[in-house]
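Asks: I'd like to ask you about the structure that follows.
The values are calculated or read from the model by the stated rules, or taken from the named source; none is laboratory data. Source: prediction; values computed, not measured. Because the Cβ atoms are built from the backbone with ideal geometry, glycine has one as well, and the counts that use them run over all protein chains shown. Just so you know, the surface numbers come from the protein's heavy atoms only, side chains and all, with ligands and any DNA or RNA stripped out. Shrake-Rupley method; radii C 1.70, N 1.55, O 1.52, S 1.80 Å.
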Amino acid sequence: MISKLAEIPLFADLAESDLRDLASHAITRSFPKNAIILNEGDQAGSLYIILSGRVQIFVSDDDGKEAILSIEGPGEYFGEMMLDDGPRSASVIALEPCKLCVLEGQAFKAFLLKKPEIALHLIQNLIKRTRVLTKSVKSLALLDVYGRVARLLLDMAEEQDGRLVIGERLTQQDIASRVGASREMISRILKDLVTGGYISIEGKNIFLNKQPPKHW
């Protein structure tokens with residue numbers, strides 16, 4: 001467990017004695033694909049660190065409608081809002097088989113008091129996530145569905161071999177959940193973007209060939 005924790009960016013600069021202290025309060029858990037790891041509203045009590053696999057963090061309503069907040073992979077963590085002893089603010093599902101390090105909440109809080117640099121890292125990451133969520137709320141409030149889809153594609157695109165590609169595999173339902181629209185609407189928008197030559201869909205990858213127009 002100590003070697004695994006040392007590979008996590010959050011703990012990369014800790015001494016071995018500190019890592020040993022953390023490891024004494026941690027367990028490793030495995031989850032199969034599509035397993036619900038946390039439920040929104042549950043009592044919070046632990047911090048989860050992703051050792052392998054990817055998870056999706058989302059919120060939902062009583063009718064089962066979902067909105068995706070983020071997708072996290074190895075080296076990332078979730079559940080840090082347990083620091084205020086409130087209920088879980090979102091649910092988490094395994095997108096693929098996952099192995100997680102689970103740190104007991106009270107022990108982790110005590111550790112933060114001894115290691116303020118780790119607390120600062122947590123604060124900085126919370127600010128980063130808040131900025132992303134603020135941007136998402138702005139898009140939902142001020143852009144139409146097409147504008148939100150175009151913004152999402154541009155934000156997620158990364159250069160690979162001279163081409164812009166969405167590295168994360170996205171289904172039409174994934175996009176719909178992220179931009180607050182129906183899957184049918186997303187299907188029509190993607191079809192129009194393909195017809196206009198703005199994007200190409202090759203297998204499970206979406207490539208951006210040129211900047212989508214601001215308005216459709």
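Asks: In the chain, if the dipole is taken from +1 on Lys/Arg beta carbons and -1 on Asp/Glu beta carbons about the Cα centre, which of ILE27, ALA6, HIS121 is farthest to the positive end?
Replies: The residue sitting farthest along the positive end of the dipole is HIS121.
Asks: Please compute the per residue accessible area over the chain with all protein chains in place, 1.4 Å probe, rounded to a whole number of Å².
Replies: Details: 12160 Å² over 216 residues.
Accessible area per residue: 56 Å².
Asks: Can you tell me the dipole magnitude for segment 55-117 around its Cα centre, using point charges on the Cβ only (Lys, Arg +1; Asp, Glu -1), in Debye to the nearest 20? Each step should come with its number before you reach the end.
Replies: Values: 6 positive and 12 negative charges, 76 e Å.
The calculated dipole for segment 55-117 is roughly 360 debye.
Asks: Do me a favour and compute the ellipsoid semi-axes for segment 1-43 from its Cα gyration tensor, root of five times each eigenvalue, largest one first, whole Å. Write down the numbers at each step before the final one.
Replies: Values: eigenvalues 135, 29, 21 Å².
They are 26, 12, 10 Å, listed largest first.
Asks: Return a whole-number percent for the relative contact order of segment 60-216, with Cα pairs under 8 Å and 6 or more residues apart as the contact set.
Replies: On the way: 111 pairs, mean separation 31.0, N = 157.
Reported as a whole number, the value is 20 percent.
Asks: Out of ALA15, ALA181, ALA90, any idea which swings most in a Gaussian network model of the chain, alpha carbons joined below 10 Å?
Replies: Greatest mean-square fluctuation among the candidates belongs to ALA15.
Asks: Which residue, ALA107, ALA119, ALA141, tops the fluctuation ranking in a GNM of the chain built on C-alpha contacts under 10 Å?
Replies: Comparing ALA107, ALA119, ALA141 in a Gaussian network model of the chain, the most mobile one is ALA141.
Asks: Taking the Cα centre of each part, how many Å lie between segment 1-57 and segment 84-124?
Replies: Cα centroid of segment 1-57 versus Cα centroid of segment 84-124: 8 Å apart.
Asks: Additional query: Could you check how much of the accessible area of the chain is carbon and sulfur, as a whole percent, using a 1.4 Å probe?
Replies: Numbers: 6300 of 12160 Å².
Roughly 52 percent, rounded to a whole number.
Asks: Sticking with this structure for a sec: Taking the alpha-carbon set of the chain, what are its Rg and Dmax in Å?
Replies: According to the Cα coordinates of the chain, Rg and Dmax are 19.3, 59 Å.
Asks: With a/c under 1.5 counting as rounded, go ahead and sort segment 60-160 into rounded, prolate or oblate using the C-alpha gyration tensor (a ≥ b ≥ c being the square roots of the eigenvalues; past the cut-off, prolate if a/b is larger than b/c, else oblate).
Replies: On the way: a/c = 1.86, a/b = 1.71, b/c = 1.09.
Note, shape of segment 60-160 comes out prolate.
Asks: Quick one: which of LYS65/LYS204; LYS33/LYS210; LYS65/LYS191; LYS4/LYS114; LYS65/LYS135; LYS114/LYS138 span more than 27 angstrom between C-alpha atoms? Walk me through the intermediate numbers first.
Replies: Working: LYS65/LYS204 24 Å; LYS33/LYS210 35 Å; LYS65/LYS191 24 Å; LYS4/LYS114 21 Å; LYS65/LYS135 21 Å; LYS114/LYS138 38 Å.
Exceeds cut-off: LYS33/LYS210; LYS114/LYS138.
Asks: Now for a separate question. Which aspartates and glutamates have a Cα less than 13 Å from the Cα of LYS214, not counting those fewer than 8 places away in the same chain?
Replies: The reachable aspartates and glutamates, counting only those whose Cα sits under 13 Å from LYS214, are ASP144.
Asks: Additional query: Using the scaling law 2.2 N^0.38 Å as the reference, what is the normalised Cα Rg of segment 1-105? Walk me through the intermediate numbers first.
Replies: On the way: Rg = 14.0 Å, N = 105, 2.2 N^0.38 = 12.9 Å.
Computed over Cα atoms of segment 1-105, the ratio equals 1.09.
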